[in-house]
Amino acid sequence: MSENKTAVYVCKGCGIGDRLDTDQLAKVAESEGKCSHVRQHDFLCNKDGVNTIRNDIDGEGVTHVVIAACSRRAKTEAFGFDDVALGRANLREGVIWVRPDTDEARETTQEMADDYLRMACAEIQYMKQPEANQNAGTNKNILVVGGGVSGMTAATEASKAGYGVLLVEKTGQLGGWAAKLHKRVPDREPFADPHDTGVSDLMKSVELDKNITVFLNSSVTRTSGAPGQFSIDISAESGETVTDNVGSIIQASGFSNYDANQLPELGYGNSPDVVDQAELEQLAKQATDGPIKRPSDGKEIESVVFVQCAGQRSNKPGHLPYCSGHCCNTSIKQAMYFKDANPDVDTVVIFDDLRTPGNGEDFYRSAQRKGVIFTKGKNQQVSPINGQLEVKFHDMILDEEAVAKADLVVLATGQVPNSGVDIEQATTLDIEEEGGESEAPAEAATSDAQIPVDSILNLTYRQGVDLPHLRHGFSDSHFICFPYETRRSGIYACGPVRRPMDIAQTMEDATGAALKAIQAVENATLGRAAHPRSGDLSFPSFRREGCTQCKRCTVECPFGAIDEDEQRYPVFNESRCRRCGTCMGACPVRVISFENYSVDTIGQQIKNVDMPDEFDEKPRILVLACENDAYPALDMAAQQGLEYSAFVRVVPVRCLGSVNSIWVTDALNSGYDGIMLMGCKKGDDYQCHFVRGSELAHERMSKIDDTLQQLQLESERVETYEVEITDIHRVPTLINEYAAKIDEIGMNPFKGF
Amino acid sequence: MSDVNTAMVQKYRNDFLKEVEENVEEGHWVKMCMQCGVCSGSCPFGPDWDHPPQEIFMMIRAGKRDEVLTTESMWMCTSCYNCIVRCPRELPITHIMHGLANYAHRLGIAPKMNPTRRFAKIFWNNIAKTGRVNELALSLKLYFMDGFMSGVKNALAMASVGIGMLKTKRLNPFALISHKGVKNPKELHVLLKKAREIEDRRKGIAS
Amino acid sequence: MAKKEYSFYPGCSSERKASASNYMVSVDAMCEKLDIKLNEIPDWNCCGASIGYAEGGELPRHVMNARNIALSEQNNPDQDIVATCAACWLGAKETADRLDASEQLLADTKEVLKEAGLDIHLKNETPIRHMVEVLIEDIGYEGLKEPMVKSLEGIKFAGYVGCQTNRPFGIDGESFENPMYLDKMVETVGGEAITDYDKKVTCCGGALAFSEPEKSQKQIKDIIEAAYDQGADMIVTPCPVCQMNVEVYQDQINKHYGTKFHIPVTYYSQLLTVAYCGNAKEAGLDGNIIRAKQLEEIAAK
């Protein structure tokens, strides 16, 4: 494409023509927007309207299109012209639907629309039609790390969809924990009895699958590259190493059993008749549906007590603070091992809160029908007395100390994730050791004596060797909005490594992760972004001559997409990039940009708003709204006819993390009276689609206060908000309250300078 | 302690849950309680129960036989059925409470002076006699159950109620002599006696 | 409208000079206007009421009710059993359900009834219903409007549904927590219903009003207080025990709590009878200890 040719289309449908002076809008586009090719249409998204645009592109050589109609989130199919640079001026949801249809409001409503047209015309001039990543890798094989139920399920599912799989298992056989179970919690109607685990069938199908190559006694000793082009080393215990390439990776490294030796108060270690759930499975397997025998003397067990939440859901040091989710159902199942063999065996489950997810409630009832006794109690203490075990506990219903005697006590301990190295802890240790400067964290972390944990993936990324952990050592897998998604593009965690789960949940989880891994390789092959900007062809580039090698972008990229070269310039791994623009927001010298999203595309929108002077009493409020939650919430507020101030100008951003502070200072300098930044929920329960973007924006804006002070401006002039997509009623209220506050503190003194 | 009670203690030893399951109306439901406490919170006389239903179920499982059977708690049941319709596990709680009260009463270890127990006995005897309630006889019997003096006192306290009922012709002052029940009360007595015999036989209670 | 016939189980409190005799009077008048024929089950007996369990136990209690059902099957074949008293309805229905669910219980009951030359067939051939169900299901709210001559306009009613008409069986399509049928009946005859009456389904203490008077009167006090708080002129109820408990203890409650309660407690059947142009006597209004003056005035018009 040689020359830019911009066309503007103003739609008059959906009431836009009735409420707004579209001739005036066209004039704004021509004179101020400097677009010669401006058309009005009665109903732009109909066949005729779309054809008009299409013909202009094909026949007239139009390269840049501005559609002044509805929100960019509406009519995406009709207006999906992906061979041009495309901008949208939101006149419907952004203007007429949020303003009253009254004579008094007409003037300010028209001003709003005029501004949105100016903004769109300004933006489009700085946009380029993005071209796909030229360095795309095309490998479509999938690496699965872990040969338990989650790994085998993921491998089988990927294979069934036609993808080659490399399955790496640390031990000498497939099956994981599930292969050690006597029976499993039921996964089908009537959810009344334990049944066969089905693991051997799964193992067999993996072994016979021609698409799946299994590496036993092996681990992944190196992972580098990006989606579509990962390079991996698989090393066997024997020392032999195979190097191969894959397109995406599923980490299904599972869990380890909590070490019950840390629970002497529950008698573990004091008596062989105190066992954990895994050991009970072994005893049950030995008994093969006959009477289960006591480890100490082989006596047939007549009474058994299950102690729930053993060393978990507790804040005591060494205990697990979380609930492992499966253990109540597991104890119910194990109590049935006894009851099904002999209904006269006394089985008591001492629980605090019985949690039976899935169809566990039916299973629980079935156990009650079989005569398993459930007692609500806590503070259990187990001690061997006269060849028996005595379980002391506090009965929480009767509020008294109680004692139960038993031949065997089973402790329901929790799942500890096999999530490898905690890279954040590793980095902190590095910084402490090196006096605050982190040089080569990856190598340092693996060799650090204080972290004896083996890495699962051995990533060569500058951010560390494994997936980041979120809480309690589980791999961060964006559990709220998008399960399996991790902060490393093309790598998906599933099963108990990302949160505690049982077999049924694990299988579902693994299937989902397989789907994500397939999407990743397909998108990578086409040079497109993966979730959440799936299909986005743009990617960041930087102006080398302006870069100061400050490393802000490499540190702040939530996905570890940016490495450094020998001269410490950033190296963008396009295939790892999610296109959030956090790097662009971070860059103090503003050298990072996307073809269709840059410091200029937003900056020019901000600058091209018509700024009334101080005495017009028409303040201007800039809203930078995250396109994932805040902007949709605003759209939906408009759909519901909720009104907000005519003084705001909303600019959607990819993520609040992409907001460069220059936009804020420029806006204040050019006379905006207030700036609202709306991003997603941050923190541990983050809902930021790019994990850290909202958090980083909040951090950066807390520093903007200094700038405001230097300019002698009130700190209220810049406010940051967490907005959820469901905040439909809250968002207009926030805006109106903020407008009232600006009214109170008065106009920006920089207006007109 | 009554002989029936002693026999039951010997029969079931420590397994009170089993005893309840086999002898108490709807007793087989006790094991299905999941201890949520909705019943206790839904009971109109809840605060007056020493042990609300949720606790009673737990005590049964814990084998607290004497405490359960001698408590006044079940006798606080007004038969409002709120617990039944709210129980997420659909336990027929009202009936279980009735069943426990009846069982304790049958064993002779229910609290002797509990007014509801005494009233219930008077009531049943009243209806069993003629087949229909004799409201005058019932009230008098109730007022005078603690002897003549307190009976006069009770009757005086309730005089305004009685006079109101009399005035509006909703109480028959001559019911002691003119009350009519079913045509053949003796036949009804036979039925009830037989029913009791069968029930006792089923529960292994020698009468 | 074709004449509807039912096998009628009046129950002890409905007898002449019994505590709910005025209920019965108004039901008779109401049914006449609605062309409903009630065929009394001959020689019926008491249901055992809610307190009968303690001395009566299980089987004797069921035998009492089974005898009534058997008599109905024998004498009023193919007719639904209809009760006006909540306890009678509940007792009979519960027995039918229980016998239906347990073969042994049914066999034992049959064995006992044989002594009186009776038998019981059940198998749900004999539905057991409350009068309220007949009105709203068989007649319908529109049908209830048809014989209307007078409107109860200007009277505000707290519809006190209470317990046993509502739980555990309840009226089909109504919620246990907030049944609306009584309010709808009130509105059908032109009265104003307090649809969100706070104590609509609160227990009055039932039979324990006799044995635990203080605890029950506390309940009754709340029930009346809420009616006053929400501006009720009178309370209306479908249950004889509710009616009696809430009406007759007002003096004692006033003495104990220092309140000044004096609120009439009426039956739905009295409302309908007055609306259908029945006089005060036909509506059993002379049986209310606290006179429902506004109703009497309309009846006298």
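Considering only residues that are outside any loop (DSSP other than H, G, I, E, B) and either polar (S, T, N, Q) or under 16 Å from residue A:674 (Cα atoms) (or both), which ones fall in segment A:707-730? Of everything in segment A:707-730, those that are outside any loop (DSSP other than H, G, I, E, B) and either polar (S, T, N, Q) or under 16 Å from residue A:674 (Cα atoms) (or both) turn out to be A:707, A:708, A:709, A:710, A:715, A:716, A:717, A:718, A:719, A:720, A:721. Report whether or not residue A:233 is more than 30 Å from residue A:339 (Cα to Cα) and surrounded by fewer than 22 Cβ atoms within 10 Å (Cβ to Cβ). Yes, satisfied. State whether the residues of segment A:456-473 include one that is farther than 22 Å from residue A:556 by Cα, in a loop (DSSP other than H, G, I, E, B) and either touching a Phe, Trp or Tyr at 6+ places or on another chain (Cβ under 6 Å) or modelled with pLDDT of 95 or more (or both). Checked segment A:456-473: at least one residue is farther than 22 Å from residue A:556 by Cα, in a loop (DSSP other than H, G, I, E, B) and either touching a Phe, Trp or Tyr at 6+ places or on another chain (Cβ under 6 Å) or modelled with pLDDT of 95 or more (or both). Remark: residue A:677 matches the filter, which requires a residue to be surrounded by 17 or more Cβ atoms within 10 Å (Cβ to Cβ) and either without any contact (Cβ under 8 Å) to a residue 60 or more places away in the chain or over 25 Å from residue A:605 (Cα atoms) (or both). Scanning segment C:32-57 for residues that are charged (D, E, K, R) and facing chain B (nearest Cβ under 7 Å) gives C:43, C:55. Listed by position, the strands (runs of 3 or more DSSP E) inside segment A:485-579 whose residues that are touching a strand residue (DSSP E or B) at 6+ places or on another chain (Cβ under 7 Å) and surrounded by fewer than 19 Cβ atoms within 10 Å (Cβ to Cβ) number at least 1 are A:562-564, A:570-572. Comparison of C:269, C:211, C:216 shows that the only residue that is of a type outside the set (Val, Ile, Thr) and at pLDDT below 95 is C:211. Among the residues of segment C:36-58, not a single one is touching a Pro at 6+ places or on another chain (Cβ under 6 Å) and in contact (Cβ under 8 Å) with a residue 60 or more places away in the chain.
Go through the residues of segment C:168-185 one by one and say whether even a single one is within 30 Å of residue C:260 (Cα to Cα) and in contact with an Asp or Glu (Cβ under 7 Å, 6 or more places away or on another chain). There is at least one residue in segment C:168-185 that is within 30 Å of residue C:260 (Cα to Cα) and in contact with an Asp or Glu (Cβ under 7 Å, 6 or more places away or on another chain). Residues in segment B:44-67 that are in contact with a strand residue (DSSP E or B) (Cβ under 9 Å, 6 or more places away or on another chain) and either hydrophobic (A, V, I, L, M, F, W, C) or within 14 Å of chain C (Cβ to nearest Cβ) (or both): B:58, B:62.
Residues to consider are C:139, C:155; find the one that is buried (at least 21 other Cβ atoms within 10 Å of the Cβ), of a type in the set (Val, Ile, Thr) and away from chain B (no Cβ under 14 Å). The conditions single out C:155. Would you confirm, using the coordinates I've provided, whether residue B:13 is more than 13 Å from chain C (Cβ to nearest Cβ), touching a strand residue (DSSP E or B) at 6+ places or on another chain (Cβ under 6 Å), farther than 30 Å from residue B:139 by Cα and modelled with pLDDT under 95? No, not satisfied. Assessment of segment C:124-135 against the conditions (assigned to a helix (DSSP H, G or I) and more than 24 Å from the chain's Cα centre (by Cα)) yields no matching residue. Within segment B:163-178, track down each residue that is surrounded by 19 or more Cβ atoms within 10 Å (Cβ to Cβ) and at pLDDT 85 or above. Within segment B:163-178, B:165, B:168, B:170, B:171, B:172 meet the criteria. Exactly one residue out of C:259, C:195 is away from chain B (no Cβ under 13 Å), closer than 17 Å to residue C:155 by Cβ, assigned to a loop (DSSP other than H, G, I, E, B) and of a type outside the set (Lys, Arg), and it is C:195.
Only residues that are assigned to a helix (DSSP H, G or I) and crowded, with 16+ Cβ neighbours inside 10 Å were counted in segment B:19-31, giving 9.
So if I check each of A:671, A:693, which one is on the phi > 0 side of the Ramachandran plot, surrounded by 19 or more Cβ atoms within 10 Å (Cβ to Cβ) and touching a residue at least 24 places away in the same chain (Cβ under 8 Å)? Result: A:671 is the single residue among A:671, A:693 that is on the phi > 0 side of the Ramachandran plot, surrounded by 19 or more Cβ atoms within 10 Å (Cβ to Cβ) and touching a residue at least 24 places away in the same chain (Cβ under 8 Å). Of all positions in segment C:228-236, none carries a residue that is part of a helix (DSSP H, G or I) and aliphatic (A, V, I, L, M).
I'd like to check something: does segment A:337-354 contain any residue that is within 36 Å of the chain's Cα centre (by Cα) and either away from every other protein chain (no Cβ under 13 Å) or buried (at least 24 other Cβ atoms within 10 Å of the Cβ) (or both)? No - not one qualifying residue is present in segment A:337-354.
Run down C:66, C:87, C:70 and say which single residue is within 21 Å of the chain's Cα centre (by Cα), part of a helix (DSSP H, G or I), more than 9 Å from chain B (Cβ to nearest Cβ) and not hydroxyl-bearing (Ser, Thr, Tyr). Just one listed residue meets the conditions, C:66. Residues in segment A:635-687 that are in a loop (DSSP other than H, G, I, E, B) and in contact with a Leu (Cβ under 8 Å, 6 or more places away or on another chain) were compared, and the one that is nearest to residue A:728 (Cα to Cα) is A:680.
Residues in segment C:167-182 that are charged (D, E, K, R) and either at the interface with chain B (Cβ under 9 Å from one of its Cβ atoms) or under 15 Å from the mean Cα position of the chain (by Cα) (or both): C:167, C:177. Each residue in segment B:158-207 was checked for being within 7 Å of chain C (Cβ to nearest Cβ) and among the basic types (Lys, Arg), and 5 of them qualify.
Can you find even one residue in segment A:69-79 that is part of a helix (DSSP H, G or I) and not β-branched (Val, Ile, Thr)? Checked against the condition, which is being part of a helix (DSSP H, G or I) and not β-branched (Val, Ile, Thr), segment A:69-79 yields no hits at all. Tallying residues that are of a type in the set (Asp, Glu) and buried (at least 23 other Cβ atoms within 10 Å of the Cβ) within segment A:612-634 yields 1.
Look at segment A:718-731: where a residue is of a type in the set (Val, Ile, Thr) and a partner is assigned to a loop (DSSP other than H, G, I, E, B), sitting 6+ places away or on another chain with Cβ atoms under 8 Å, you get A:723/A:629; A:723/A:680; A:725/A:628; A:725/A:629; A:728/A:640; A:728/A:642; A:731/A:644; A:731/A:723. Here is the figure for segment B:179-207: residues that are surrounded by 13 or more Cβ atoms within 10 Å (Cβ to Cβ), farther than 25 Å from residue C:71 by Cβ and free of Cβ contacts under 8 Å to residues at least 24 places away in the same chain total 2. Within segment C:233-261, if we keep just the residues that are closer than 27 Å to residue C:24 by Cβ and in contact with an Asp or Glu (Cβ under 9 Å, 6 or more places away or on another chain), the residue that is surrounded by the most Cβ atoms within 10 Å (Cβ to Cβ) turns out to be C:235.
Restricting A:206, A:199 to those that are surrounded by 21 or more Cβ atoms within 10 Å (Cβ to Cβ) and in contact with a Gly (Cβ under 7 Å, 6 or more places away or on another chain) reduces the list to A:199.
The values are calculated or read from the model by the stated rules, or taken from the named source; none is laboratory data. It should be emphasised that the depicted structure is a prediction, and the values quoted were computed from it without experimental measurement. When we count neighbours, we look across all protein chains shown, and the Cβ atoms used for this are built from the backbone with ideal geometry, even at glycine.
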